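The values are calculated or read from the model by the stated rules, or taken from the named source; none is laboratory data. What you see is a predicted model; the values in this text were computed from it and never measured. All Cβ positions, even for glycine, are placed from backbone atoms using ideal geometry, and neighbour counts span all protein chains on display.
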Amino acid sequence: MQNALFGKRVLITQSTEFMGPVLCEVFAEQGATVVASSEALSEPEAAERVVLAAGTIDVLVANLAFTAPTTTATEVSEAEWRQVFAALVDPLPRLVRAAIPAMVARRSGKVLVIGSASALRGMKRASSYSAARGAQLAYVQAVGVELAPHNVQVNAIAQNFVDNPTYFPAEVQANPRFQERLAREVPLGRLVAAREDAQFAAYLCSTAANCFIGQVFPVCGGWVAR
């Protein structure tokens, strides 16, 4: 791709976390005007505030991050459940309510949710996090088909084993046990490079991907649901 996002104004949320830094870099390389917001979106008013501050946008990239708790299912507290959903799920309808009406009026726009493949395969001690990531994907599928007739495309990337500073920092990657896990569980034998993931995201936000609606794209280095 070259200049695939030329002339597009793109809002990227939580721009300093998860895939935010590389998304900002790659989208700018593809010609987008990037509006990077580092604000956390757990507070009910935050999403609308961020969208309004961004001005007119063609693309919303909902990059939402939260460190996954490792609590057993029987010990997940009300507070943990609420905290995880407040960070990963609750911001989505708020972002949509704030950003989508203008896109519908113009009959043009895209929303891409950067999600997790933890929702696609059972993972021990990750019930609250996996449930929240699963809710993200279900929301994308429902809203995607609802907004398609308005020429607004909503899709998601469900990723795991993708290089990023939030979930796979350098100290984790250097751990021999993690390297053994990569060799055992990931057919690719390595993490998906951050730029590989971001370039795919840029494609999905370009006009070349107008045919995709309500889709969830796994990006996992060959790691699959079972």
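Here are some conditions: (1) in contact (Cβ under 8 Å) with a residue 12 or more places away in the chain; (2) over 18 Å from the mean Cα position of the chain (by Cα). MET123 meets all but one. Which one does it not meet?
(1)
Just to be sure I understand the filter: pairs with C-beta atoms under 7 Å, separated by 6 or more residues or on different chains, first member in the stretch 89-103 and within 16 Å of LEU64 (Cα to Cα), second member among the small types (Gly, Ala, Ser). Which pairs pass?
These pairs meet every condition: VAL89/ALA132; VAL89/ALA135; PRO91/ALA47; LEU92/ALA62; ARG94/ALA47; LEU95/ALA47; LEU95/ALA62.
Can you tell me how many residues within the stretch 109-129 are closer than 22 Å to ALA198 by Cα and either in contact with a strand residue (DSSP E or B) (Cβ under 8 Å, 6 or more places away or on another chain) or of a type outside the set (S, T, N, Q) (or both)?
11
Select from the stretch 60-97 the residues that are part of a loop (DSSP other than H, G, I, E, B) and either within 18 Å of ILE114 (Cα to Cα) or of a type in the set (Ser, Thr, Tyr) (or both) and list them in ascending order.
LEU64, ALA65, PHE66, THR67, ALA68, THR70, THR71, THR72, SER77, VAL89, ASP90
Go through ASN210, ASN175, ASN155 for me and flag whichever is polar (S, T, N, Q), more than 16 Å from ALA62 (Cα to Cα) and touching a residue at least 12 places away in the same chain (Cβ under 8 Å).
The match here is ASN210.
Would you pick out the residues in the stretch 136-171 that are buried (at least 20 other Cβ atoms within 10 Å of the Cβ) and either more than 27 Å from PRO69 (Cα to Cα) or of a type in the set (Val, Ile, Thr) (or both)?
Answer for the stretch 136-171, where residues must be buried (at least 20 other Cβ atoms within 10 Å of the Cβ) and either more than 27 Å from PRO69 (Cα to Cα) or of a type in the set (Val, Ile, Thr) (or both): VAL140, VAL143, GLY144, LEU147, VAL152, GLN153, VAL154, ILE157, VAL162.
Kindly list the number of the only condition in (1) under 25 Å from ASN210 (Cβ atoms); (2) free of Cβ contacts under 8 Å to residues at least 60 places away in the same chain that fails for THR70.
(1)
With respect to GLU29, determine if the residue is exposed (fewer than 15 other Cβ atoms within 10 Å of the Cβ) and either over 24 Å from VAL152 (Cα atoms) or modelled with pLDDT of 95 or more (or both).
The answer is no for GLU29.
If you go through the stretch 126-151, how many residues are on the phi < 0 side of the Ramachandran plot, more than 15 Å from the chain's Cα centre (by Cα) and polar (S, T, N, Q)?
2
What residue, of ILE57, ILE114, ILE100, is part of a strand (DSSP E or B) and at pLDDT 95 or above?
ILE114 is the lone residue from the list that is part of a strand (DSSP E or B) and at pLDDT 95 or above.
Restricting to the stretch 55-67, what's the tally of residues that are surrounded by fewer than 20 Cβ atoms within 10 Å (Cβ to Cβ) and among the small types (Gly, Ala, Ser)?
1
Among VAL96, VAL89, VAL35, VAL84, which is the only one that is under 15 Å from ILE12 (Cβ atoms), crowded, with 18+ Cβ neighbours inside 10 Å and either under 20 Å from the mean Cα position of the chain (by Cα) or small (Gly, Ala, Ser) (or both)?
Step by step, each of VAL96, VAL89, VAL35, VAL84 is checked, and only VAL35 is under 15 Å from ILE12 (Cβ atoms), crowded, with 18+ Cβ neighbours inside 10 Å and either under 20 Å from the mean Cα position of the chain (by Cα) or small (Gly, Ala, Ser) (or both).
Return yes when GLY20 is within 24 Å of ALA135 (Cβ to Cβ), touching a residue at least 12 places away in the same chain (Cβ under 8 Å), surrounded by 15 or more Cβ atoms within 10 Å (Cβ to Cβ) and small (Gly, Ala, Ser) and no when it is not.
Details: within 24 Å of ALA135 (Cβ to Cβ): yes; touching a residue at least 12 places away in the same chain (Cβ under 8 Å): yes; surrounded by 15 or more Cβ atoms within 10 Å (Cβ to Cβ): yes; small (Gly, Ala, Ser): yes.
Yes, satisfied.
So which of VAL186, VAL216, VAL192 ends up being without any contact (Cβ under 8 Å) to a residue 60 or more places away in the chain and over 20 Å from GLU25 (Cα atoms)?
The conditions single out VAL186.
Which one of these is touching a Gly at 6+ places or on another chain (Cβ under 8 Å) and at pLDDT 95 or above: GLN141, GLN199, GLN173?
Only one candidate passes the filter, namely GLN141.
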